[in-house]
Structure formats: C-alpha cells, structure tokens
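The structure appears below as structure tokens.
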Amino acid sequence: MLFREKRMKRKREPSPESTKPRPKKPTPRSKKPTPQPPSPILSPQPNVVAVGSSIYNIAFPRSLNVLPRVSILDCKSHTGWIEAPKLPVELHSFSSSVVDHKIYVAGLDHRLKKNSFQVFDTETRVWDSVSCGGEREEMMFTEKSFSIDGKFHVVTNEEVLAYDPKQGKWDMVGDGMGGIVCSHAYCVIGNVLYSVYEGVFKWYDTERRRWRDLLGLVGLHKISGRREAIRLADYGGKMMVLGISMGYGWFSELFHMEIIRYSFFGLKEALGFAPSWHLWLRYSSFLVLYPTGITSEVGLIYLALPVTTHQDV
C-alpha cells in the first residue's frame, strides 16, 4: 500500500518540461480589403471618353445647383474610380470629345440660355474656359459632338461648328454634315465619321463635304431602322454595332396593350362609361399578349445564341 501511494504521488508530480511555457501559435490575421472608391453613377446618357489607358466619365447632374462630377478609371493600375475636378459650369445638357489628349465639353446653360465651352487638360487636370465664337453664341449646342481632322465638332440647332485648337477659332463646317442630327448612332474610326440612319450606313467625305453610302458590309443582318435602337462604337479600329431589336414580340404586345388601355380611359372621360366588351378587353387581353411577348423574347435569345457562341461574346 505504501509503495502504491508513492507511485501515485510520483505520477501527480509535474515534470520540469511541462512547467515550461509553451510558445503561443500566431493567430492568422484577417486581411482587410482595401477600400475602393465608389463607382460613378452613369446617367442614361453618360459622357464617357477615353484618353490613353484612362476612361473619363462626366456625369449629368441629377438636380439643380450641382456641378457635373468627373471620374477617372485607370485601366492599367485597376485602382478603381478616382475623383477629378468637377466641371466648373453648371450644365444639364452637354457633350464631350477628345482632341490631342484634351477633353472638350460643349453644352448649354438652360437657366441663362447661353452656350458654354470648357476644356480639360488630362495632364494637369485643370479646366479652362474658351469663347464660343461671337455671333455663334446664339446657336444652341446639342448633346452631339465628335472630333476629326484635329478639330472639335459640335452639332447645334442650325448647323455644325468646328473648333480648331491650334488657331483658336470656330468655323462653320456646312449643312451637309448636319445629317448627323437625325441619328444618335455615329462614331469616328481612323479620322472618318460614320453614321447609320434608317438602316443605311454612311461615311462623311470631308473633302467634298457630303455623306456617302458605306459599301462592302458583310455578315451584318438587315436593319430596318424602325424597330432597332442602334449605337456605333470604335472597337480597336473596327466598327462595333450595338442594337436592341424590337421585334413583333413585346413591342407589339405593349403597343396593343396601350391602345386598349388608353382608349378605355378616353371613353370613360368623354362618355362617362365604357362598353362591357371594352372592359373585358381592358383586364383580360394580357392573358394572350403577355405569353406572346415572353415567347418572342425567348425566341430572340435562342436565335442569337449561335452568333454569340461563334464570336465568343
């Protein structure tokens, strides 16, 4: 018994190694994500231009007494959007384009009914104001501009004006280029202005100052111009055609729904009542028209699959 008690006591005695403090394992620290500047809110008609590897977004203000914000995205560093100096003039209707690494912005101050012309130096990031050209200040700048031949062109309500930065003066281009006013689909590729209107692609001959048909287009589906919303863009020296086809699906379904709905309201306002059959159409036609619209949309997506797969879109 005595031997057994001693043995048990020996087991309870701590060993010298166990008394040594054990090194603590370093707890892994969770890496905090680096805060990224918020992306600018793009308006329905954003003014986005590219200078080198940077993208500049000049956002339309959403309220009065607010200067348009300018944001820059460097596509090389991927540091996110950074804020640049705001446009120094309050404009709610303007357009922008690039000439010699400078951003030219032409717009209209709706409160003063006066044109404004601003230039942003992308190297110094400083805004500078330029005169709009004497008697031409009465012409209202529209939301369309482009740059060819080293000049900034802006479309007005009467004609197209060109500003030469080297000479510092405005010139009238001519009525021939004014055809671009009828179309929102245009772009400049290789110092050539292209446009499409009513499904017809054209390019502008600066020497003869007239539009010419663009020939030799291969692989482009027929564009009627009535049911498509078309936009053109420069894609590395190639023309990119972006569009939304408004086929006989949801477009016709919405069209018929609006006819039924507003004619119903018109009869009730004019006569004080609507026929029973019209009331039935008002609340029952969607049973046929909605499935038709959904089926048409799915069909358009299915028809576009071979094209997107072939072009790796």
Restricted to segment 46-72 and to residues being without any contact (Cβ under 8 Å) to a residue 24 or more places away in the chain and small (Gly, Ala, Ser), the residue surrounded by the fewest Cβ atoms within 10 Å (Cβ to Cβ) is 63
If you go through segment 90-101 one residue at a time, do you hit one that is of a type in the set (A, V, I, L, M), surrounded by 16 or more Cβ atoms within 10 Å (Cβ to Cβ), touching a residue at least 24 places away in the same chain (Cβ under 8 Å) and not in a loop (DSSP other than H, G, I, E, B)?
yes
Do you know which residues across segment 198-245 are in a strand (DSSP E or B), of a type in the set (Ser, Thr, Tyr) and modelled with pLDDT of 80 or more?
204, 235
Tell me which residues, restricted to segment 103-123, are among the basic types (Lys, Arg) and either farther than 17 Å from residue 170 by Cα or buried (at least 21 other Cβ atoms within 10 Å of the Cβ) (or both).
111, 113
Output for Cβ contacts, cut-off 9 Å, separation at least six or different chains, first residue surrounded by 14 or more Cβ atoms within 10 Å (Cβ to Cβ) in segment 272-283, second outside any helix (DSSP H, G or I), reads 282/274
Those residues of segment 204-219 which are open to solvent by less than 80 Å² (accessible area, probe 1.4 Å) and within 16 Å of residue 185 (Cα to Cα) amount to 204, 211, 212, 214
Within segment 169-185, can one find any residue that is surrounded by fewer than 15 Cβ atoms within 10 Å (Cβ to Cβ), modelled with pLDDT under 80 and under 22 Å from residue 92 (Cα atoms)?
yes
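The values are calculated or read from the model by the stated rules, or taken from the named source; none is laboratory data. Quick caveat: nothing in here was measured; it's all calculated off a predicted structure. Ideal geometry is used to build each Cβ from the backbone, glycine not excepted, and the neighbour counts take in all protein chains shown. Heads up: the accessible areas ignore ligands, DNA and RNA and are worked out on the full protein's heavy atoms, side chains in. Shrake-Rupley method; radii C 1.70, N 1.55, O 1.52, S 1.80 Å.
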